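Visitor: Input: one structure, supplied below.
Please treat every number below as a calculation from the coordinates, not as lab data. Predicted model, so just to flag it, every value in this text is computed and none were measured.
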Amino acid sequence: MDWARDMLRTALEIVRKPADHRGFSVIARRWMVERTLAWLTACRRLARDHERDPAVSEAIIRWAAVAGMTRRISRGGPARGQPRYVCD
């Protein structure tokens with residue numbers, strides 16, 4: 001948390017499941033993390049980690065994030081579902 005505050009100048013909040021709760025429970029804002037990881041793993045190169053050097057993996061993650069962001073920016077409108085194609 002200190003590293004995030006000092007280097008990134010951001011507050012990091014760790015959200016845990018209530019101690020008395022058993023089984024599944026909804027954790028606040030977790031869907032944002034899950035969604036971001038899903039977007040990144042949509043990149044074919046990140047589906048499996050075959051890199052030996054962590055710097056290469058980090059570069060590929062950055063590349064995938066930039067590619068996804070430019071795709072969303074260039075779309076110019078709100079996100080829509082995938083178009084449905086009818087096979088004849």
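Visitor: Angle check, please: helix 54-75 long axis (alpha carbons) against the longest principal axis of the chain (alpha carbons), in degrees 0 to 90, nearest 10.
Guide: 60
Visitor: To the nearest 10 degrees, how steeply does helix 30-41 sit against the main Cα axis of the chain, on a 0 to 90 scale?
Guide: 50
Visitor: With the chain treated as a Gaussian network of Cα nodes joined by springs under 10 Å, which of 76, 68, 23 yields the largest mean-square fluctuation?
Guide: Per the Cα network of the chain with a 10 Å cutoff, 23 tops the list.
Visitor: Shifting gears a bit: For region 6-19, just list the computed ³J(HN,Hα) in residue order, Karplus coefficients 6.51, -1.76 and 1.60, θ = phi - 60°, integers in Hz, with x standing in for Gly and Pro.
Guide: Each residue's phi maps through the Karplus curve to give 7, 7, 9, 6, 9, 8, 10, 10, 9, 9, 10, 5, x, 5 Hz.
Visitor: Is the C-alpha gyration tensor of region 1-65 telling us rounded, prolate or oblate? Criteria: a/c under 1.5 is rounded; beyond that, a/b larger than b/c is prolate, otherwise oblate.
Guide: oblate
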